[in-house]
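For reference, the structure is listed below as structure tokens.
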Amino acid sequence: MTNNQAKTYLVGGAVRDELLGINPKEYDWVVVGDTPESLADRGFRPVGQSFPVFLHPDTKDEYALARTERKTGRGYKGFSFYADPSVTLEQDLQRRDLTINAIAKDDTGAITDPFGGQKDLRERQLKHVSDAFSEDPLRVLRVARFMAKLAPYGFSVAPETLLLMKDIVASGELEELTPERIWLETEKALLTDKPRFYFETLQQVGALKILFPEIDILFGVPQNPKYHPEIDTGLHTMLSLEQICSDSAELSVRFATLVHDLGKGTTPKEQWPSHNGHEERGVKQIELLAKRLRVPNDCRDLAIKVSRWHLHCHRAFELKAGTIEKLFSGLDLWRNPDLLKDFLQCCRADIRGRTGMEKEEYSQTAYLSECFEAARAVDSQAIRDAGFEGAEIGKKMQEARIAAIQEIKSQSAKR
């Protein structure tokens, strides 16, 4: 049964993106003056656990009943919600995080904007709706993520909102966030055009050292200026992350680039600016971070490979054929040949993530690809047909692969 008094509004990111000229990816709706029973009668499927949210029977868009919320405990789960036909649109919008997300549009196209979101869109400001912003620690990550999404459009965080974010960090409530929610926001940020702004915003408000200490300690760690004109390892990491976003939209590739130099954060100060052995130390740091935040296995595994082997890639032309075969085996390319492309993209981003070297030629990509294709072409059946068995097959395969790589090395030297 339809409630004739009910009214539906498009809200949140879809309205914001439309006003910015961005094609919305998701559409969220708020229903004012209706009940769960009425929506269910019309075929909407309930999916909300804490408050009434429904999926449209045809579009599968989310429809939420207008609601208010009240802080009742610590953390982002410490809220009670009140949904009732008497809750107004403005009351629902007031509980939202940023003014640019607190804009609604009805079916005639009329805009409701009680908190100045359109003005902040014009002024390219991320500004909180009310002081209730500081009640939810998750909003620190959300604002940082919106910076990653909207930085290309010239946005910055309003000074007063930065202060509230710092207050949340100081309160200790970030520690109430679950690993799943931290990773979800991080994953979304990594898939934006400018993920470096996510981490830089978190650092600006003191949240990076709490959520990503392995990344935070990279800032202020010097590298040899001969190879790294930007000197600072944290800056190099951000530059590399920016570079990879031009090459790959894969989450695992972007994550691996982000953490490829974590080992430099554990280099003893007396060894600075040298970082001998940082590759293997980085593996341990990646494992710690991945376990704590429950990072997906494919992201963790590629990151470990990049940390462990990226210097081999940079020195490819100096390596013996046997060492190159060892590199391919270490990357597990015989079983997962597609990983080579991902690995090489990360390594190239590392080289180009240096001040003034953004367009650096990286001929290792073509060279190692050629070596791998030659080694991969070795015919295992021919070795079996020659009478070899058991462990001997593996040994002969390795020898043949090394010989194939050596042939490419010899050809390359003549060019």
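For first residues located in the range 164-186 and assigned to a loop (DSSP other than H, G, I, E, B), partners that are surrounded by 14 or more Cβ atoms within 10 Å (Cβ to Cβ) and lie 6+ apart or on another chain with Cβ distances below 8 Å form the pairs Leu177/Gly75; Leu177/Tyr76; Leu177/Pro137; Leu177/Leu138; Leu177/Leu141; Leu177/Leu211. Restricting the range 172-195 to residues that are farther than 19 Å from Arg294 by Cβ and more than 13 Å from the chain's Cα centre (by Cα), the residue that is surrounded by the fewest Cβ atoms within 10 Å (Cβ to Cβ) is Gly172. Taken together, Leu302, Leu288 contain a single residue that is within 23 Å of Glu214 (Cα to Cα), exposed (fewer than 15 other Cβ atoms within 10 Å of the Cβ), touching a residue at least 12 places away in the same chain (Cβ under 8 Å) and of a type in the set (A, V, I, L, M), which is Leu288. For the range 349-378, enumerate the residues that are surrounded by 13 or more Cβ atoms within 10 Å (Cβ to Cβ) and hydrophobic (A, V, I, L, M, F, W, C). Result: Ala349, Ile351, Met357, Leu368, Cys371, Phe372, Ala374, Ala375, Val378. If you take the residues in the range 21-61 that are within 18 Å of Arg95 (Cβ to Cβ), among the hydrophobic types (A, V, I, L, M, F, W, C) and surrounded by 17 or more Cβ atoms within 10 Å (Cβ to Cβ), which one is modelled with the lowest pLDDT? Looking at residues that are within 18 Å of Arg95 (Cβ to Cβ), among the hydrophobic types (A, V, I, L, M, F, W, C) and surrounded by 17 or more Cβ atoms within 10 Å (Cβ to Cβ), I get Val53. Only one of the numbered conditions (1) under 23 Å from Met238 (Cβ atoms); (2) touching a residue at least 40 places away in the same chain (Cβ under 8 Å); (3) buried (at least 23 other Cβ atoms within 10 Å of the Cβ); (4) out of contact with any Lys or Arg (no Cβ under 6 Å at 6 or more places or on another chain) is not met by Tyr198, and that is (4). Evaluating Lys119 against the criteria (1) at pLDDT 95 or above; (2) in a loop (DSSP other than H, G, I, E, B) leaves one unmet condition, (2). Taken as a whole, the condition of being in a helix (DSSP H, G or I), within 27 Å of Gln271 (Cα to Cα) and modelled with pLDDT of 95 or more does not apply to Gly220.
Condition check ((1) over 13 Å from Trp309 (Cα atoms); (2) among the acidic types (Asp, Glu)) across all residues:
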{"site": "Ile324", "(1), (2)": "no, no"}
{"site": "Phe328", "(1), (2)": "no, no"}
{"site": "Leu331", "(1), (2)": "no, no"}
{"site": "Asp338", "(1), (2)": "yes, yes"}
{"site": "Ala349", "(1), (2)": "yes, no"}
{"site": "Thr355", "(1), (2)": "yes, no"}
{"site": "Gly387", "(1), (2)": "yes, no"}
{"site": "Ala391", "(1), (2)": "yes, no"}
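The criterion of at least 3 residues that are within 28 Å of Leu239 (Cα to Cα) is met by the following helices (runs of 4 or more DSSP H) wholly inside the range 307-415: 321-330, 339-352, 364-376. Among the residues of the range 119-143, those identified as under 20 Å from Ile103 (Cα atoms) and under 16 Å from the mean Cα position of the chain (by Cα) are Arg142, Val143.
The values are calculated or read from the model by the stated rules, or taken from the named source; none is laboratory data. Given the structure is predicted, the values throughout are model-derived calculations rather than measurements. FYI the Cβ positions are ideal-geometry reconstructions off the backbone, even for glycines, and counts take in every protein chain you see.
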